[in-house]
Amino acid sequence: MTERNIATLYMKVDPVNPEQKAIEEAALILRRGGLVAFPTETVYGLGANALDGRAVASIFEAKGRPSDNPIIVHVAGREQVSALTESLPVTAEMLMEAFWPGPLTLVLPVGESVPQEVTAGLRTVAVRMPDHPVALALIRAAGVPVAAPSANMSGRPSPTSAEHVLEDLNGRIEAVLDGGSAEFGVESTVLDMTSKVPVVLRPGGITPEDLKDVLGEVDVDPAAAAGFNKEDKPRSPGMKYMHYAPLAPLRLVIGRPEAAASKIKELAGQEKARGRKVGILSLSKNDDFSHYGEVVTAGCREKPETVAAGLYSALRRFNDLGVDIIFAEGLEELGVGLAVMNRLKKAAGGHIIIV
Ligand code: TXA
Ligand code: MG
């Protein structure tokens, strides 16, 4: 890890009506080439001026991010998109109309003004307009598009609060705007618009079903549905890395809820008997796992959006608890469930137990 030793400025802001003074200060930092973490409706982002290659390069340094992983450019309005792209298909305009501001990132042919630090040398650029007053005010005040990956150390769960950001990046970035917890909780849907039928590269808040309503046809990249798989050569470079991982190994148990719960109890019991501290990620209030380990409930499986909102802080909680191994329940890969399962499979690094 490279040494960065910066006094990180912490600024609390009203998430609905952010104070202009704090926004101006943060915008000035961005214009001068610094890094500012800010809330979005999905997770916290770590922003830099997207048109300043050096500033974007320092994002990679601060996060320890692999240099072949491109970064999403955030805009405050559709009028900022044309300067970033070479051409804009009419389907992209339809999607912006339907889902922006919101958790949908569009991969488009890149324009000349975008430095290659943003695209990691690809011929495409990923663009999104976040649905959060603080993010939008910051981008507007900066007067430039803002390149921003999630504001975590590479490989750690994405941050859903300013506290998570500071856990990972205090002393490594110039400032953080604290606008409370990120509402949705997992990252945006990444949709490749450069093929004939658009392809979901990363599932997120806007589901394939939502996209089909506008586009008629949409594909899902097999690597996105399957989660972590190095052999699959995912088209979204970031998908090949083992993301979102807590420090302890995680085993995802998939099957009918009752069968999965008994398998978790069996496996957790064995680990406990070996003297290991076990964590259990529960998606239901009723399963009585408490005899078998430290239980963290991420939400409830009948409402996948509650699991999305609670997932990353649950994974971080296991780090605080210092468990040796984690067993996690899964849920149906429908709607937002597809995004949640994608993150759980990645956290499991391929260790999936099917019952
Ligand atoms: O919700 C989000 O998207 C959050 C917030 C901060 O906006 N951002 C985020 O960024 O999750 P990051 O860097 O953690 O994930 C960006 C994903 C990576 O998987 C990356 O490979 C992919 O988007 N990506 C970026 N540019 C791309 C491109 N030109 N082609 C294909 N995939 C791209
Ligand atoms: Mg990320």
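The values are calculated or read from the model by the stated rules, or taken from the named source; none is laboratory data. It should be emphasised that the depicted structure is a prediction, and the values quoted were computed from it without experimental measurement. Positions of Cβ are backbone-derived with ideal geometry, glycine not excepted, and every protein chain shown enters the neighbour counts.
Does at least one position in the range 321-343 carry a residue that is surrounded by fewer than 18 Cβ atoms within 10 Å (Cβ to Cβ) and either touching a Phe, Trp or Tyr at 6+ places or on another chain (Cβ under 9 Å) or in a helix (DSSP H, G or I) (or both)? Yes; the residues of the range 321-343 include at least one that is surrounded by fewer than 18 Cβ atoms within 10 Å (Cβ to Cβ) and either touching a Phe, Trp or Tyr at 6+ places or on another chain (Cβ under 9 Å) or in a helix (DSSP H, G or I) (or both).
Could you grab the pairs with beta carbons closer than 8 Å, sequence gap of 6+ or different chains, first residue in the range 328-355 and under 23 Å from Asp288 (Cα atoms), second one in a strand (DSSP E or B) and not aliphatic (A, V, I, L, M)? Qualifying pairs under 8 Å: Ala328/Arg251; Glu329/Ser282; Ala348/Arg251; Ile352/Arg251; Ile353/Arg251. With respect to the conditions (1) closer than 23 Å to Ala182 by Cα; (2) out of contact with any Lys or Arg (no Cβ under 7 Å at 6 or more places or on another chain); (3) crowded, with 17+ Cβ neighbours inside 10 Å, Ala92 falls short on a single one, namely (1). Looking at the range 104-189, the helices (runs of 4 or more DSSP H) lying wholly inside it that each contain 2 or more residues that are at pLDDT 95 or above and closer than 30 Å to Pro89 by Cβ sit at 116-119, 133-142. Based on what the data block shows, is Arg172 over 15 Å from Ile59 (Cβ atoms) and either more than 16 Å from ligand 2 (Cβ to nearest atom) or touching a residue at least 24 places away in the same chain (Cβ under 8 Å) (or both)? No: the conditions fail for Arg172.
For beta carbons closer than 6 Å, sequence separation of 6+ or different chains, a first residue in the range 185-196 that is near ligand 1 (Cβ under 8 Å from one of its atoms) and a second that is among the small types (Gly, Ala, Ser) and at pLDDT below 95, the qualifying pairs are Val190/Ser236. Every condition in (1) more than 10 Å from ligand 1 (Cβ to nearest atom); (2) touching a Lys or Arg at 6+ places or on another chain (Cβ under 8 Å); (3) of a type outside the set (Lys, Arg); (4) in a strand (DSSP E or B) holds for Gly33 except the one numbered (4). Assess whether Gly33 counts as being surrounded by fewer than 23 Cβ atoms within 10 Å (Cβ to Cβ) and at positive phi. Judged against the criteria, Gly33 is a match.
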